[in-house]
Each structure stands twice: as structure tokens, then as C-alpha cells.
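Notes follow the structure.
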Amino acid sequence: QVTCVEVVEAYVERIREVNPLINAVVKDRFEEALQEARQVDKLLSEGPDDDYLEKFPFLGVPITVKEAFCLHGMPNTSGLVNRRNVIATSDATVVSRLKQAGAIPLGMTNCSELCMWYESSNRVYGRTNNPYDLQRIAGGSSGGEGSVLAAACSVIGVGSDIGGSIRMPAFFNGVFGHKPTTGVVPNDGQFPNAQGVRTSFLCTGPMCRYAEDLEPMLRVMAGPGVNKLKLDEKVSLEKIKFLCMDHDGGSIFVSPVDKEILQAQKKVVEHLESDLGVQVQRVAIHKMKYSFQIWSAMMSSADDDGQEAQLFTDLLGDHGKPVWPLWELVKWLVGMSSHTLPAIALGLTEKLMKLNPGGNAKLVSMGKSLQEEMEALLGRDGVLLYPSHPTIAPRHNSPICMPFNFAYTAIFNVLGLPVTQCPLGLSSEGLPLGIQLVAASHNDHLTLAVARYLEKAFGGWVLPGK
């Protein structure tokens, strides 16, 4: 009904209209995108070909890409000042696969410095705002992606997640985000990429406004690896074993869960029970209380070959000298540091973690036993309902006061489980609510099916400003 050029022009116009407010797209490629759209229209005008949808499932679909990923000819700084002249000379594997499937990238979206904080703000591009309230964070590290999707500037996007970097922005911005089972979607072509033990925690995955787009995106992004997932299995929702946990059990490091988030989760439980006739089982998994400590210890542990985890302070130096966090803090206080406060604080925390190797080893083994417990609990047919974050999108800079709240998402990275964040309408203040759907390894098909179901029941994405 419409040409590809018309679609791309509509999105370009929308980005031009709202990006000055949200600062989500940090570099555009509008001219190239329109040129690619013309080629698509030319291809289609040469006569319909039924194979097109098979060959190019995303033919002519506009997408956006997190700036941490390589997209040929586009910047790849990850918000690090001393990388500001780095231009990608190739495409990340997932970007290349989406382009081969016919998708047209419109531009790059903002992230936090080195993708290691849950507010997307850096000294290269500045700060991204939440489209539902510009005074609030868009989340991180894929915050630009969450914001751009929520603001209807893009249809689908590419994110990555090592502590909740897909799911937190998806939650704060009221869109869908999926962290696949570890090791299925390739991570190469992003900076920083994971090394050592972290290669089993970092996941690349899809973000989008509509639940039905998650699965086709996942198929394309995973490539041949998709065979490890059971995406062709039919899911009977009535046969899923639903489990529910309201909070982590009361960690001293993390805020209590907001009332409205708990109410939204309660409504989901009630709807599942009345509509599907299932019994949602309440569970209390004791070790979840130590989520932050387990994640931190596992992130800094050595891998099976004894390779130490890469230091964040080395990454901050990016092939130069490692950064001294204390000295950077002094510089930051007088406005002289080229780093953000969260990045400096993370560097300091890392130094402190090194002081307690015995405690870390205990936490790593607790993480391994929690993983076994979760796999056994979820089994072949289980889906756990769990808050995406303890609070609704906080105000700018306030994450500094509650730095460990990302533990609600991070724990599932070190457990390697697939998780879908699903929006559940808006709070009394007009901010997005949501929930995490968690399954055992390689059961992504279950969480994706439940996300599609909850979208119908609770309305999914809501246009900001309504």
C-alpha cells in the first residue's frame, strides 16, 4: 500500500521532529537509507516475487542500531571520548544479517560510557531522555535504542545486554526486549566485546515495539545458531508451568519494589489464572537476595583456562594507559575528567572487589548452584514472572544513589537464561510498567509466546504523550 521511500521518509521526519527532545539518535544515515529505499522500490516494481519474503523477511524495514555495534561508515565510540574519531569499516555480524534480510539502518543510537551503566549518558553525545518524561532516564546501556523505539522513530533495533542493558531500557521506555539464551546470537563487531568468562554473560538481542517482531528478529540475528532454540515448537499457554516471585527477598543493596510494579505483576497473575485456568505458583528463591554480589563476583572471576576478566579501567584507557579511577575522580570534581562519574565509580568498585578473593569464590559457587536450582525449577515448560527493575524510570542522575538496582536483570546474565521484558501499560504518573518473563536455557520460545499473549491482554506499547 505504501512505497519503501514513503516509509523511510516518515521515520526520518519523525526522528527530525522528536530527536532534539530525546537525543536518542546520535548519528544518522538518512541519505543512504533513502537511496536503499529507492533500490527496494525498484526491485519490487520489476514484478512481484513470492520468494522475497523468504529471502528478505525485513525487506525495506527501517531499523536503528546501538552505537556500540559496528555499522559500516558510522561511529563506534561506545561513548568514550578517546574513541570519538573511530569509524566502523565493517558491520557487526548481527547488523550484517539484518541488512542481508533487507532492513535499512536509519542511524546509531546512544549508550552509556562503555555500555556499563544504566543511564545512557556520555561525554561524546550527552544524555538521552525518556520520551514519556524528559526528566527521566531512558535506561542503559541500550538507552538510545529504547528511547527511539518508544518515541516511534524506529520499528526494530539492535541491543546488547551483560547486566540488563536490553531489558532495563525496554522496561523504562515501555517496549519489548529479549535477552536470548547465552551463546546463540553472535556478539562480534561490538565495542567493548566480552572476553574470558564474560563471553558467557554478554548477549546481543532484539528490541521492538511489537511482541510479534521479536521472533523473526531473533531468527535473523541468530543465523544458523537459531537451531539451538525451539522456535518452531507450538506453545500451548495452558500447559506452561507459571511461577511468580514479587521481589528478590530483600537485598540490602537494592531498593524495595514499587507498589505499582507489584500491582501490575499481580494483575498478570490474576489474568493468567482466570483466562487460562492455570495455577500460578509463588516461589521464594533464597539466593536471589544475593543477585548483585553473585553477578559482581562472576563478572570478575577467571574463566576455565584461568584467563582473568578484562579490567574496566583498561577498557577506559582503550589501548592507551589504564585509567586511575581515584585520579579521575579528583579531575571529575573540578570538571577536568573526560569520563562520566558512573564509569569512574565502577573503576573504583572493581579495585575493591579484588581485595576479597575468598568471598568472591564463595559467591561464584553460589551462582553455579543457583543456576542449577533455576534450571531444575523451570524445567522444560516453566516461565517465571519477575520484576524488570525495582523502580519505575528514575529521574536523571538518581541511579548514582541506587547503583545496584540493575541486579534484578543482571542475575539472569550470569545464569545464562533467556528473558523477555514485556510492557504492561503506564503507571499513575504516565510512566511505563513491565515484567520479566524467564525460562530455562534454550526455551526462548516460551517467553516469546507469553509476551505475545500479554501484549494482547495489557495493550503493549503505548504512544508517549497520549
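The values are calculated or read from the model by the stated rules, or taken from the named source; none is laboratory data. Just so we're clear, the structure is a prediction, and the values are computed from it rather than from any experiment. Glycine also receives a Cβ, built like all others from the backbone with ideal geometry; neighbour counts cover every protein chain displayed. Protein only, heavy atoms only, side chains kept; ligands, DNA and RNA dropped before computing areas. Shrake-Rupley method; radii C 1.70, N 1.55, O 1.52, S 1.80 Å.
Skipping prolines and chain starts, which residues have an amide H placed within reach, meaning under 5 Å, of the one on Ile63, given they are 5 or more residues away or on another chain?
Ile104, Leu106
Residue separation times 0.36 nm, minus the C-alpha to C-alpha distance between Ile252 and Glu372: what's the value?
Numbers: separation 120, 0.36 × 120 = 43.20 nm, distance 2.45 nm.
That works out to 40.8 nm of additional length.
Using the heavy atoms of the protein chains alone and a 1.4 angstrom probe, what is the accessible area of the chain per residue in square angstrom? Numbers along the way, then the final one.
On the way: 18930 Å² over 466 residues.
Per residue, the chain has 41 Å² of solvent-accessible surface.
Read phi for every residue in the stretch 421-430 and hand back ³J(HN,Hα) as whole Hz from Karplus 6.51 cos²θ - 1.76 cosθ + 1.60, θ = phi - 60°, with x for Gly and Pro.
Computed from phi, the couplings for the stretch 421-430 are 8, 10, x, 10, x, 10, 7, 4, 8, x Hz.
Could you tell me the relative contact order of the chain? Use alpha-carbon pairs under 8 Å, at least six residues apart, and round to a whole percent. Could the numbers behind the result be given before it?
Values: 1056 pairs, mean separation 84.4, N = 466.
Worked out over the chain, it gives 18 percent.
Have a look at the DSSP beta bridges in the chain and tell me what percent are antiparallel, nearest 5.
Details: 30 of 44 bridges.
Within the chain, antiparallel bridges account for around 70 percent of the total.
Could you compute the FRET efficiency for Ala284 and Arg123, with r as their C-beta to C-beta distance and R0 at 35 Å, rounded to 0.05?
It comes out at approximately 0.25.
So, R0 is 22 Å and r is the distance between the beta-carbons of Gln100 and Asp50; what FRET efficiency does that work out to, to 0.05?
0.70
Would you mind checking the pairs Lys321/Lys362; Lys27/Lys230; Lys27/Lys259; Lys27/Lys331; Lys228/Lys362; Lys179/Lys289 and listing those with alpha carbons more than 27 angstrom apart? Numbers along the way, then the final one.
Values: Lys321/Lys362 32 Å; Lys27/Lys230 37 Å; Lys27/Lys259 38 Å; Lys27/Lys331 29 Å; Lys228/Lys362 32 Å; Lys179/Lys289 21 Å.
Among Lys321/Lys362; Lys27/Lys230; Lys27/Lys259; Lys27/Lys331; Lys228/Lys362; Lys179/Lys289, the Cα-Cα distance tops 27 Å for Lys321/Lys362; Lys27/Lys230; Lys27/Lys259; Lys27/Lys331; Lys228/Lys362.
Can you tell me the order of 113-125, 170-182, 74-86 when each peptide is scored by its average per-residue count of other Cβ atoms within 10 angstrom, highest first?
Sorting 113-125, 170-182, 74-86 by mean packing, highest first, produces 170-182, 113-125, 74-86.
Please report, as a whole percent, how much of the solvent-accessible surface of the chain comes from carbon and sulfur atoms (probe radius 1.4 Å). Mind dumping the intermediate values first?
Details: 10210 of 18930 Å².
Ligands and nucleic acids excluded, carbon and sulfur give 54 percent.
Please list, or write none, the aspartates and glutamates whose alpha carbon is within less than 15 Å of the alpha carbon of Lys287, excluding same-chain residues fewer than 8 places away.
Counting by Cα, and skipping residues close in sequence, Lys287 has these aspartates and glutamates nearby: Asp246, Asp248, Glu372, Glu373, Glu375.
Which order do you get for Glu54, Glu212 if you rank them by accessible area with a 1.4 Å probe, largest at the top? Write out the running numbers ahead of the final one.
Values: Glu54 155, Glu212 120 Å².
Per-residue accessible area, sorted high to low, gives Glu54, Glu212.
Report, in whole Å, the centroid distance computed from the Cα atoms of the stretch 282-304 and the stretch 183-206.
Measuring centre to centre over Cα atoms gives 19 Å.
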